[in-house]
Amino acid sequence: MALLGSDLAECNPCAQIAVDMCRYMSIHCKRMAPSKRYSLREAAAQVGVAPITLRRWLLGRKVTEVARDRNGWRVFTRSDIRRIKKFAATLVHPKHA
C-alpha cells in the first residue's frame, strides 16, 4: 500500500516539503509558465518593419541583441518587441515627394 499526502509526510519530514511544494506549484503554476517567444519574422511584423530591417538593426547594433534558442535562432520576448518599437518610433522617416 502506497502512502500519499499527509500520511507520507508523517513518516518522513522531507516528504512534507515535497507535499507542500506540490501544493504551491499547483496554485502558482500559471505565474511560472514561460513567456511567449516570437521569431524574427513575427517580431518584425509586430514592430511594423520588414524582417531584413530588424535583422540589420540587430547586426548594426542599433538595438541590443536578443536571446537565442538552442539552435542559434533569435527569440524575442514581448519586452524585446516593446523596446524595438520604441526605437522604431524615434526614427525620422524620409518624406515621399
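A few notes on this one:
- Top-ranked residue in segment 39-52 [being loosely packed, with under 14 Cβ neighbours inside 10 Å and without any contact (Cβ under 8 Å) to a residue 12 or more places away in the chain; ranked as nearest to the chain's Cα centre (by Cα)]: R41
- Qualifying position, being at pLDDT below 95 and part of a loop (DSSP other than H, G, I, E, B), among K62, K95: K95
- Whichever residue in segment 55-79 is out of contact with any Lys or Arg (no Cβ under 9 Å at 6 or more places or on another chain) and closer than 24 Å to S35 by Cβ and, among such residues, is surrounded by the most Cβ atoms within 10 Å (Cβ to Cβ): W57
- Filtered residues of segment 83-97 (kept if out of contact with any helix residue (DSSP H, G or I) (no Cβ under 9 Å at 6 or more places or on another chain) and either under 16 Å from L58 (Cβ atoms) or touching a residue at least 24 places away in the same chain (Cβ under 8 Å) (or both)): R83, K86, L91
- Condition check for R55: among the basic types (K, R), assigned to a helix (DSSP H, G or I), on the phi < 0 side of the Ramachandran plot and touching a helix residue (DSSP H, G or I) at 6+ places or on another chain (Cβ under 7 Å): yes
The values are calculated or read from the model by the stated rules, or taken from the named source; none is laboratory data. Remember, predicted model here, so these are calculated numbers, not experimental data. Cβ atoms come from the backbone with ideal geometry, glycine included; neighbour counts cover every protein chain shown.
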